[in-house]
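No lab work stands behind these numbers, since they all come straight from the coordinates. Given the structure is predicted, the values throughout are model-derived calculations rather than measurements. For neighbour counting, all protein chains shown are included, and Cβ atoms are generated from backbone atoms with ideal geometry for every residue, glycine included.
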Amino acid sequence: MAWQISKDGRIDRLVVFRVLPTEGAVPIGQLVFEGKGPVRQSRFAYARSWTERADKVAIDPVNLRLSSKQTQSTPYEVPLPFYDVGPDGWGKQVLAAAYPGHQLGMGELLALGGDDRTGDLLFGPDPSGPSTWVPEAPPMGDRLAREDDLAQLLEAAAAMEEGKITDPSLRLLMRSSADIGGARPKTRFNSDGRSWIAKFPAWGDPFDDPRAEAVCLDIAAGAGVPVPSRRLVTINDRSVLLVERFDRGPAGERHGYISAGTLLREPPATYRTAMTYLDIAVKAAAIGVADARADIFRRMLVNSFVHNTDDHLRNMALIRTGRAWQVAPAFDIVPHRPNRHVLAPAPGVRPDCDPALAFSTSKAFGLPVGEAAAIYDQVAQAAQDIGQLLDKHHTSPKDREVLTTLLSRCLSPPAVTMSVGYAGQPMAEADMDHDSDPYDGPRLK
């Protein structure tokens, strides 16, 4: 298999594969890159062999619907769902260290990924099968999934953060982290036949971040939010949170994956946004996600109680199991100091971190009074277990003091009544214009 490489060392073509449970990797389309410079344009087209299959599904039901037409990815380098299966801040840092002399756009970043990336897509140079591009010798090690030593992975990630990475450690991270999403240090980790994401502490953390996430995920689980299986371990006096991958099934089958940002057609590098929790619920319901409004409303309340104000659109996702999409189990739920969420509850509502304010939008979510109140009560009850959960996870006295301040809403849930009202009406998908700002109502200045 030979990669199509331009004169300036850039990937010109990627064949896109979907991994099926019984057939393995099947070619479903191709990306062709055009132009020069750091950011190029690309065109994606589904393969006719895929669109003619009875079991065909779209990569993304919003941005890449099944069609024989080519889709130009303007104004982005590739269509949005491909950003969700490529590396983000941490993975890009690893790749930049491994190949400092190469210009790495999205074509190169996708080609450099291994065979265990997020979701059910793989990439290769031609339809014969997926492959990993190795732009120069010596290769940085094979990229096959395997059981690595967690302590070595932790030390390699710490060395990367400190700018003291060695070639052996970099090879280790290339195998486990180069195509992974998110900004914080993490790696894939395979153990006992199960696939995990190992989430490490980072330089400058104000508290034991993996331990705090374990606490918050327990609160979310008690509140009725689906969460992944997880284990908190201590290695060399540092906490590591192992979160089982939810884009893999019990038998290793792969699930499709798109972020909430892709669902709402937000730019791939967007952090701040005018979109809201209600937008996510409306669009998810429109593509057939069951109980989307109640599900997103519940998650919004959990984030408000645990002061997870880093609730940007890449920290929520959908997965496709079979042919149906569903909201993915919750992840990256950690307290943060800012008092304003990235996502406001609904249009025209302040993004303040306030459970009562979030609850006041239940009418806009189209929830009956009794259902909204029952959800709030369940979340508030789970939040009040905070003291027991801090004990369960052996939180240090120093961190307990910091977290207790951030999680004060858990200790004293605000009383709410349906008289605390948001004047908006339930919104339907037909009311949203996704080629422009979807709302013409009041906005925060």
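For the chain, a Gaussian network of Cα nodes joined below 10 Å ranks Q384, Q70, Q30 by mean-square fluctuation, and the top entry is Q70. If you take the Cα centroid of the range 390-418 and the Cα centroid of the range 6-29, the two points sit 47 Å apart.
Please label the shape of the chain as rounded, prolate or oblate, based on the square roots a ≥ b ≥ c of the eigenvalues of the alpha-carbon gyration tensor (a/c under 1.5 means rounded; beyond that, a/b larger than b/c means prolate, else oblate).
Values: a/c = 1.93, a/b = 1.27, b/c = 1.51.
It is oblate, given that a/c is not under 1.5 and a/b is not larger than b/c.
Can you tell me how the range 1-101 classifies by the Cα gyration tensor, rounded, prolate or oblate, using a/c under 1.5 as the rounded cut? Since a/c reaches 1.5 and a/b is larger than b/c, the shape of the range 1-101 is classed as prolate.
Here the range 256-431 is treated as an ellipsoid with the same Cα gyration tensor; its semi-axes, largest first and in whole Å, are 26, 19, 15. Based on Cα contacts under 8 Å between residues 6+ apart, the chain shows a relative contact order of 13 percent.
So which of K199/K392; K92/K398; K164/K199; K92/K199; K56/K186 end up more than 25 Å apart by C-alpha? The partial results should precede the final answer.
Working: K199/K392 19 Å; K92/K398 33 Å; K164/K199 20 Å; K92/K199 17 Å; K56/K186 33 Å.
Over 25 Å apart, Cα to Cα: K92/K398; K56/K186.
For the chain, the 222 nm mean residue ellipticity estimated from helices alone, with every DSSP H stretch of n ≥ 4 adding -39500 (n - 2.57) and the total spread over all residues, rounds to -8500 deg cm²/dmol.
In this label model, A159 and E371 are separated by 5.3 nm, measuring between points 7 Å along each Cα→Cβ vector. How far is helix 277-286 tilted, in degrees, relative to the longest principal axis of the Cα atoms in the chain, given as a value from 0 to 90 rounded to the nearest 10? With both axes taken from Cα atoms, the answer is about 60 degrees.
Among Y99, Y83, Y277, the largest mean-square fluctuation in a Gaussian network model of the chain, built with springs joining Cα atoms closer than 10 Å, belongs to Y99. Of all lysines in the structure, the ones whose alpha carbon falls short of 20 Å from that of K363, not counting any fewer than 8 places away in one chain, are K283.
Taking every pair of distinct Cα atoms and averaging 1/r, then inverting, what Kirkwood hydrodynamic radius in Å comes out for the range 281-348? Intermediate results must be reported in sequence, preceding the final value.
Numbers: mean 1/r = 0.0786 Å⁻¹.
Roughly 12.7 Å, rounded to one decimal.
Relative to the longest principal axis of the Cα atoms of the chain, the long axis of helix 397-406 makes an angle of roughly 70 degrees.
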